[in-house]
Structures are given as structure tokens and as C-alpha cells.
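Report on the following structure.
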Amino acid sequence: MNVSQKSQYNVGKIINSNISTLSFKETVSAIETWISKKQKKYVCICNTQSLVTASNDITFEEVLNEAGLCTPDGMPLVWALKSYGYTEQERVDGPNLMLKLCELSIVKNYKIFLYGGTKATLDELTQTLLKQYDGIKIVGAHSPPFRQLTQEEDNEVMHMINSTGADIVFVSLGCPKQEYWMYHHRDRINGIMIGVGAAFDFITGRIKRPPLLFQRLGLEWLFRLFKEPKRLWKRYAYNNPMYIYRFLKTYRKNKNMAMTKSL
């Protein structure tokens, strides 16, 4: 099912995936509305890797299209939406969205659960958030093993998370693993799941975020490539040109669709 047919929010299609055209503030407001209504939703924070993966895998395309929101994290996605006519489009990235919701949780009394990363990362992240946001309610944290869980283990994890009454579950497993995890548990988690990628490591300082100039120029990938060339060079060597090729190939059709919806 196409998310543009069932979502109350406007989207722009980039390659094969529907990306929200909400501002950062509007995205936060949408999540708060879901929490107040006790809805079960998940949010995908998307970049070019997400969209190339979805264009290669129809199952992952469905994963993104079933999300309550797919936000434009990478600047190339923001530029794509602007080229369709959404001239005020903002970036909605994982670390900043997570920190804003943590800030609001103090006032709104939201309960936070942290899922993913290593135990050491979770311990450090918990202490960082407790220090930064006095009064924040972190009701649980879990570091899953680096293997597929048995059904029994998975049921235990679901029970553990739901027993805390968590309103927001921040999921940090990396793309596409975290998106698949949220998709497969979308009817089982009693709260809002948000896949925040490397946000746990960015917030704790385990991974240094690129300078703002790199972020605004859409060059975060280049900064990260300098930091981890052996691990990342193959990904970017394939992903970046493939995104450009497939975006240009679908540009006219997707722009016409966006312009038709705006009429």
C-alpha cells in the first residue's frame, strides 16, 4: 500500500519511497499526537542509503512505506524535496530529533526506552541523558545480541519493553536492520518506535559528528569516509552514484506527482 494514500501527512516520492515534507517542529508535533492517542507507530530517519536499499529490495520498500513517517535526514533528500517545490523543507535527523523528544519528555512526562548498541554504550548514553535532562524518565535499556533472536527470546524482549510503559522506544541498530526490526514489531510495541541510527554514539561522543558546514553541504558521508575509510568506502562508492542515477531517472515523474498533489 502506498503511504501517500493512507497517511494524513503530505509526502514527496524520492525514487520509490515516500518522504515526509513536515518541518522539524511539525514532525515532533506529529509524534506527540501519536503518543497522546496511544497509537502504535514507527518512524524511519532516511538518507540516500535507505532509498537505494529500498529501490533494490521491494520488501524494504514496503518497510519504509508502512512507517508512520519517513523523515528526510540526508541533505540530498532535503534538496530533492525542495526541487519538487517544497522550498521550506528542513532536515529532520535522528540525533536532533531524539534530543528534542528527550527534552520534551521532562515536561510531558514521557517514558523513554533505549534499544540497541552495546551495554557500554547504553550505560554511557543513559548517564549522558540523565545529566543533560534533569528529570528524564529512562525506564529501560537493552543491548540485543548480534544474532537473530529465537521466538521465545523475542517475546521476552517485547514483554520487557511493554512492561515499562515506554512512550518512545529509540532504536539504534543501523540501517536496514533497525527499520526491519520496527516493521516486524509494529503491532507488538505499545509505543512509538524511532530508528535513530548512530544517534546513540553521536550523543555520547563515541563518534564525532561532522562540523555543521559538512552537514549543510550534504558532505557528512565524506567526513565519515575520512574517519572510517576501510569500512565505508565500498558503501559510498556504490550508494552515492546509484542514488544520483535513480533520482534523475525518476525525477520528472515524481516531481509531476508532487505538483499535482499541491494543486
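Could you please let me know if ASP57 is open to solvent by 20 Å² or more (accessible area, probe 1.4 Å) and touching a strand residue (DSSP E or B) at 6+ places or on another chain (Cβ under 8 Å)?
no
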Q: Determine which single condition ASP167 fails, assuming it passes every other condition in (1) at pLDDT 95 or above; (2) of a type in the set (Asp, Glu); (3) more than 19 Å from VAL28 (Cβ to Cβ).
A: (3)
Q. From the list GLY68, GLY85, which residue is surrounded by 19 or more Cβ atoms within 10 Å (Cβ to Cβ) and within 30 Å of ASN16 (Cβ to Cβ)?
A. GLY68
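Counting only residues that are among the hydrophobic types (A, V, I, L, M, F, W, C) and open to solvent by 50 Å² or more (accessible area, probe 1.4 Å), which one in the range 142-164 is modelled with the lowest pLDDT? Reasoning before the result, please.
Applying the first criterion (among the hydrophobic types (A, V, I, L, M, F, W, C)) to the range 142-164 yields 146, 149, 157-158, 160-161.
The next check asks that each one be open to solvent by 50 Å² or more (accessible area, probe 1.4 Å); those that pass are 146, 160.
Numbers: PHE146: 84, MET160: 97.
Filtering the range 142-164 for residues that are among the hydrophobic types (A, V, I, L, M, F, W, C) and open to solvent by 50 Å² or more (accessible area, probe 1.4 Å), the one modelled with the lowest pLDDT comes out as PHE146.
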Q) Across the range 129-141, what is the total count of residues that are surrounded by 13 or more Cβ atoms within 10 Å (Cβ to Cβ) and small (Gly, Ala, Ser)? A) 2
Q) Taking the range 106-140 as the region of interest, how many residues are more than 19 Å from SER163 (Cβ to Cβ), modelled with pLDDT of 95 or more and touching an Asp or Glu at 6+ places or on another chain (Cβ under 8 Å)? A) 4
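Residues checked against (1) open to solvent by 50 Å² or more (accessible area, probe 1.4 Å); (2) in a helix (DSSP H, G or I); (3) of a type in the set (Asp, Glu); (4) at pLDDT 75 or above:
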residue: LEU225; (1), (2), (3), (4): no, yes, no, no
residue: LYS230; (1), (2), (3), (4): yes, yes, no, no
residue: TYR238; (1), (2), (3), (4): yes, yes, no, yes
residue: PRO241; (1), (2), (3), (4): yes, yes, no, yes
Q. Across the range 165-202, which residue is most open to solvent (accessible area, probe 1.4 Å) among those that are within 13 Å of ALA67 (Cα to Cα) and assigned to a helix (DSSP H, G or I)?
A. HIS184
Q. Taking GLU103 and the conditions (1) under 17 Å from PHE202 (Cα atoms); (2) open to solvent by 40 Å² or more (accessible area, probe 1.4 Å); (3) in contact with a Gly (Cβ under 6 Å, 6 or more places away or on another chain), which numbered condition does it fall short on, given that it satisfies the others?
A. (3)
Q. From ILE136, ILE112, ILE58, ILE106, which residue is touching a Lys or Arg at 6+ places or on another chain (Cβ under 7 Å) and hydrophobic (A, V, I, L, M, F, W, C)?
A. ILE112
Q. Buried (at least 21 other Cβ atoms within 10 Å of the Cβ) and hydroxyl-bearing (Ser, Thr, Tyr) - does that describe any residue in the range 113-128?
A. yes
Q) Restricting the search to the range 137-158, which residues are outside any helix (DSSP H, G or I) and out of contact with any Phe, Trp or Tyr (no Cβ under 9 Å at 6 or more places or on another chain)? A) PRO145, PHE146, ARG147, GLN148, LEU149, THR150
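The values are calculated or read from the model by the stated rules, or taken from the named source; none is laboratory data. Please read all numbers here as calculations on a predicted model, not as lab measurements. All Cβ positions, glycine included, derive from the backbone under ideal geometry; neighbour counts span all protein chains shown. All accessible areas refer to the heavy atoms of the entire protein, side chains included, with ligands and DNA or RNA removed. Shrake-Rupley method; radii C 1.70, N 1.55, O 1.52, S 1.80 Å.
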